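Worksheet for the structure shown next.
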Amino acid sequence: MDSHSSKESLSASVAAWSQFVHRALVKRIEPDQFAAFLPFHFAEHPLPPVIIADVLLRPSKNQRYSLDPRVPTYLDALLKQRRVDVAAVLRALFKYSSAHLKVQPPDSDALGGDENRKEGEKGGERTPKGQKIVRWQNSYDDEEMILWRLAQAIHQGSGIKTAKNVVQIAKVLAKWMALFAEAAAAFSRDAFNSLNGLQVRDETADARTAFVLLLIAFSDNPLALATLDKPACKDICKMLSDALQTFIPCVMQVLPEMASRLELFRNETLGKYLPAEKKDAEVNTYMDNLIGMDSIQVPEVPVVNSRAGLYIYLSAALVGRPMVDDSALFAYLHNRYQGDVQSTAVQLILASFDLLANAVFRNEGPKTGHLLKSFVVNKVPLILVSLAATPAMYPFDPELSIKEALGQVDTNVFPTLSGMFEMSNTNSSFHDSVRQDFCFSCQLHGLLSQAAIENLLGDITYQSLPDEGRYSKDNLVQACLQDVDRTQKLIGELDNMNGNVGAAAQAIIEVIGSLCRNKETMTLKQLCSQLAAKPLSLDVLLLFDKPEKILHPLCELLDNWAGYEEDQGEYQPVYEEFGSILLLLLAFVYRYNLSPADLGIRSPDSFVGRLLSGGTLCRPLEDLSEQEKSHLNGWIHGLFDSEAGALGDDLMASCPPQDFYLLVPSLFQQIVVALSAGYLTDDMLKNGLEYLVDVLLLPSLVPAIMYLSNKLWVSSPQLQSAIIKILQVIIRPSSSSNEASAMLSSVLNIVAKPLEHALRSYQRQDPKSQEIEPLLRAIQENLSLSRRTGGADHTELESWCSTHANNGASPHSGLSAAVRHTIQSLVQWAQNPQLNGMPATYTHRQTLAAIKMLGAKRVLAILLDELRVLSDTPQAGIAYDVATALICAPDVTNDVSLSSGPRPAPSNDNNNNNNDANAGTPQNQADDPAASSQQQRQRQRQYKQRGRISLRDALKTEADDWRRTQKADPVMAETIVRLYRRVEAQMAPAPPSAAEAAAAAAAAAVMLQPPELGGLGGVPGDVGGVLGDAIAAAVGGEHHHGLHGHEGMVMDGSGGGNHGGGLDGAAAAAGGEQQHHLGGGLGGDVLTGSDLGTDGLFSSLSGNGSDFGADFAAGWDIEMS
């Protein structure tokens, strides 16, 4: 066949494939049908992979914005049948990428240019000279998806089969790296020149992240490494090395661990072909790094344990959900005060009173003050008891410590008994008796004598110890199990300020766990309803135990609810009991923005897991099973069809409560549509919803109102009007019982914040509406009880950004100035706290908001700048203490990207694989291939967010790069090294206790036994169990570190507390109270599917390796063999 005939045949085949793809897209052919047609079409019109990929991925004149959603699924079929390969797909993606539009002037796309002419010819089509390549206008999301897919194919070995594949892929990867580097530079120029400044977003970021994963997969592929090792690939290695040298700086800041792996690949695999002089320079750098940061000597700044340091730490621990973990607190105190228990006790008392005084000064009100006062009166004395019971290298006299501390507490804020009568203003009663309450609590626990109290208070006191004496948790548990009224009374006593609340709180938690295990749901209903109505009591419970200890038994009970396997008789009591228990769980989850891991949930397919991941999202009818459709139809008729005879036991018998609560958003979606379309009248609506505002179904209003709030943001005016009518009926019912009114108040406490945001948004759209203000007034009292997440309110953000901003400054610079001003105020106050009186005004919400809005690196830069300014002043030691406290402060935001797990030591060769896996992550969620699509999408979003790091991570990055900083700015390098050393010293794990050491020794002894005696699987006898128990004891002991090996906080005569682990999951934004107003961060459009497993490509990166596996494999199942 001559060349002319070949060209005609090729052109005909290209036209046939173009028509074939076009028809498939127009007719929306399913991927399996498309795959079935491929062999026949390819046999008739064969084409090389490069051209097929080009035909599939190129834009058309009519469709050039982004890829059709069907294209990736068709590409999947082509990859599986090996009609296209990785290199061909990468080349076509590169050719039509939107990134070219960012880096090239519009006229440079003409194919008259050499590069574009070559690219056109490589694609198999000779485009006439002067014709422009039509590129996608926004291909970034599509590129991200496809690049992730190709990375998985290479990782699994199916994407690279021959050495030729390696060479082809390497050439295209080099072009991609150059393109991404140019695009990043273009976005940086735009950000610099734009009036919006930092608001200009690098749109290639997500696609670039996926490309980095592809690069790492390529660098780890055995065939690729073997091919590049051959001398014939010298030019290819040099090309990749040069491209990586340009590309790595683009990702160094946002993906430091991945950048380190790419640098290692460049140096070790590709570096053998570098020129000799370049090698020498890199060897010199390596020798410099061998010296290490530990060997650098910096001028010492005196270590000062200022009053501000612990004040900041406790403020962070109590700014959201209480995170006063006993083991972590004791480890921190031990590291901070080096075992000086006397100083520890004095500073702890002072910091606690400073925290409460700050709340008074900031007018945060009695609701915030209640938690802080309970911490001072009920928690601090228990910590002092534990300190007194700890073997110490220094003498410790609790009474002397208390006297010394209270002598420095301002009597104007916390008066003595006589001062209380002399005060002209008695309105702030929530704090004026704290001094007396604290003293009597200390006396209750044997820390103070009666004579000491009279000396401290300056008068003969009229207050006395509780009549019942000091509580014992074990005795309380026994009494409560015998008499449920005793438990209800204990719940009421959580508001007390007498020192007995700690034992009462732990007894309540133990009783709830016991009732759950015994499935005593009738009793649980009363207790859960009582607790759900008292959000402030939830704060107190978390002072003494972790959420998992409280809530995991409730989750287990709800997931495995019994009673539907046999004839129940009456089902309405079952619904009431189930709903009351669920209401308490939701009260905890929404108030503190808890993640599934915080609850101890092990399976995303459990009822609670599904409810938390998608319980406020409406599922389309076509996604419901036939049984779910039948249930939904039954509830609609039961509520609104008067001829159907209202709700009955038959409906509830056929529909378990778990199924009902998962259907609530779909039910209300049908109600909204029916009301807006006129199928429901106002009277029908009111009569139907009367069932939902009764105790029977009232807890279902939580997911219902959350769904309606979300819907109110995005609906049409007609649907919005229907939603307002529904909200009027359920929020302001015409009549209800006392029990129903109390439960409705509990529901409104949960939903008040997101509902207010939605109503305010609607009010701005329709300012003349008279229907919104009554609804806002109805939830006004619930707003202050709705959220405690550590997020800043919008009024606080406005204050920080405007008060401290210079004229013409952006809001970001205003917030930076506010952070700087706060640091200076803390340093100034801590220099002489007794003369300065009131503590420096501080809320850790500002720090959390700054990290969210400015980024940890910028906040760290502010800290380092302040330290540098003060380095030669008398305040230097205090400044370092303040900066160290801000970095070590616990994070209450549940942001997985800001996890504060153990950090590895700084690397000396810039090869840092930060392996701080989140120990609390349930393994099932990452490894279970049946995990729901919602949770896989959520995990994928979380992984992308891990570019946002904590202050400690940012400092570690700076410390790793100390050598480069030293060459440019020696003073700043010394500041970084000095601060890093102090942070790591204060965050060091506590020394193991004797019990932990014994458990570890037992585990080691068992592991050293011969296989026939100590095997791990199928071994006769109990050896395997012994090993499991020993290892569990050793690992579990890590959660019980205390000061000098202290094992737990003494709550009563029997002592002890549970200190389980947990993972901080989905992130709360700077305005953290608003995190649920658009669906709680759930949803997305990423396809989901298989899983890579725990030992995959990125198991060594920061975060949980198995978690990454689920993210990486989301939606892709490529088998090209």
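Readers should treat all values here as calculations from the given coordinates under stated rules, not as data from a laboratory. Only a predicted model underlies this, so the values are computations on that prediction, with no experimental measurement involved. Glycine also receives a Cβ, built like all others from the backbone with ideal geometry; neighbour counts cover every protein chain displayed.
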**OP:** Hey, could you get me the Stokes-Einstein D for the stretch 330-399, Kirkwood radius over alpha-carbon pairs, 25 °C and 0.890 mPa s, rounded to whole µm² s⁻¹?
**Re:** 189
Original post:
Across the stretch 769-781, in residue order, what do the Karplus-derived ³J(HN,Hα) couplings come to in whole Hz, using 6.51 cos²θ - 1.76 cosθ + 1.60 with θ = phi - 60° and x for Gly and Pro?
Top reply: 5, 9, 8, 7, 4, x, 5, 5, 5, 5, 9, 4, 6
Original post:
Radius of gyration and Dmax for the stretch 569-632's Cα atoms, expressed in Å?
Top reply: 14.1, 38
**OP:** Could you calculate the contour length gain from residue 619 to residue 28, that is, 0.36 nm times the residue separation minus the distance between their Cα atoms, to one decimal place in nm?
**Re:** 210.5 nm
**OP:** Taking H placed 1.01 Å from N in the peptide plane, check which residues at least 5 places from residue 132 or on another chain put their amide H under 5 Å from its amide H.
**Re:** 111
**OP:** Using a cut-off of 10 Å between beta-carbons, work out the net charge of the residues near residue 721 (Lys and Arg +1, Asp and Glu -1, residue 721 not included).
**Re:** -1
Subject >> Charge sum, other residues only, whose C-beta stays under 11 Å from residue 166's C-beta, Lys/Arg counted +1 and Asp/Glu -1 >> reply: +3
Original post:
Given a Förster distance of 25 angstrom, what is the FRET efficiency for residue 230 paired with residue 185, based on the Cβ-Cβ distance and rounded to 0.05?
Top reply: 0.15
Original post:
How many angstrom lie between the C-alpha centres of the stretch 39-69 and the stretch 833-868?
Top reply: 55
Subject >> Per-residue HN-Hα couplings for the stretch 503-519 [Karplus 6.51, -1.76, 1.60; θ = phi - 60°; Hz; x = Gly/Pro] >> reply: 5, 5, 5, 5, 5, 4, 5, 5, 5, 4, x, 5, 5, 5, 5, 8, 6
Subject >> For the stretch 751-863, the spread of Cα positions along each principal axis, largest first, Å >> reply: 54, 34, 24
**OP:** Show me 587-599, 70-82 ranked by packing, highest mean number of other Cβ atoms within 10 Å first.
**Re:** 587-599, 70-82
Original post:
If each of residue 795 and residue 410 carries a label point 7 Å out from its Cα toward its Cβ, how far apart are those two points in nm?
Top reply: 2.2
**OP:** On a C-alpha basis, how far is the centre of the stretch 303-320 from the centre of the stretch 140-172 in Å? Whole number, if you could?
**Re:** 50
**OP:** May I ask you to order 536-543, 865-872 by the average number of other C-beta atoms within 10 Å around their residues, highest value first?
**Re:** 536-543, 865-872
**OP:** For residue 764 and residue 981, calculate 0.36 nm times their separation in residues minus their Cα-Cα distance, and state this gained length in nm to one decimal.
**Re:** 73.0 nm
Original post:
If Lys and Arg each add +1 and Asp and Glu each add -1, what is the summed charge of the other residues whose beta carbon sits under 14 Å from the beta carbon of residue 780?
Top reply: +2
**OP:** At 7 Å along the Cα-to-beta-carbon direction for both residue 838 and residue 773, put a label point, then send me their distance in nm to one decimal.
**Re:** 3.4
Subject >> Distance from the stretch 718-772 to the stretch 217-256 (C-alpha centre basis), Å >> reply: 58
